[in-house]
Amino acid sequence: MMREPARQCVACREKRPKRELFRLVRDPEGEVIIDIRHRADGRGAYICRNESCIELARKKRGIDRSLKCRTADELYDRLKGYIYEQT
Ligand SMILES: [Zn+2]
């Protein structure tokens, strides 16, 4: 069986297959975008597709540290909105 590439969640620090994670990318303007299809270029950070990791990342600023930028609160609400969406 092929092993899927694993990435570490910025909140809980567990390694998971990429499809179980959201990918966040910092664009050239320093904005953090949610890379739903895992195709954007640039420095990426990964986070589990669950509310507890999103809330933990919001509190601990793991995405900010990983991408060296500031995330808006609104980003976390958008991530939560994507949890139950089919991508
Ligand atoms: Zn996690």
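Below is a table of values for the structure above.
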| read-out | value |
| --- | --- |
| The range 42-53: number of residues that are under 10 Å from the mean Cα position of the chain (by Cα) and within 11 Å of the ligand (Cβ to nearest atom) | 5 |
| ARG7 within 16 Å of the ligand (Cβ to nearest atom), within 16 Å of TYR82 (Cα to Cα) and either in a strand (DSSP E or B) or small (Gly, Ala, Ser) (or both) | no |
| Those residues of the range 28-65 which are among the charged types (D, E, K, R), farther than 20 Å from GLU85 by Cα and touching a helix residue (DSSP H, G or I) at 6+ places or on another chain (Cβ under 8 Å), in sequence order | ARG43, ARG58 |
| Those residues of the range 23-36 which are in a loop (DSSP other than H, G, I, E, B) and either touching a Ser or Thr at 6+ places or on another chain (Cβ under 7 Å) or within 16 Å of the ligand (Cβ to nearest atom) (or both), in sequence order | ILE36 |
| Residue list for the range 22-35, restricted to those being aliphatic (A, V, I, L, M) and either at pLDDT below 90 or touching an Asp or Glu at 6+ places or on another chain (Cβ under 7 Å) (or both) | LEU24, VAL25, ILE33 |
| ASP64 acidic (Asp, Glu), within 23 Å of GLU4 (Cα to Cα) and in contact with a Lys or Arg (Cβ under 6 Å, 6 or more places away or on another chain) | no |
| LEU56 within 12 Å of the ligand (Cβ to nearest atom) and part of a helix (DSSP H, G or I) | yes |
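The values are calculated or read from the model by the stated rules, or taken from the named source; none is laboratory data. Computed from a predicted structure; not experimentally measured. Using ideal geometry, Cβ is built from the backbone for each residue, glycine included, and neighbour counts are taken over all protein chains shown.
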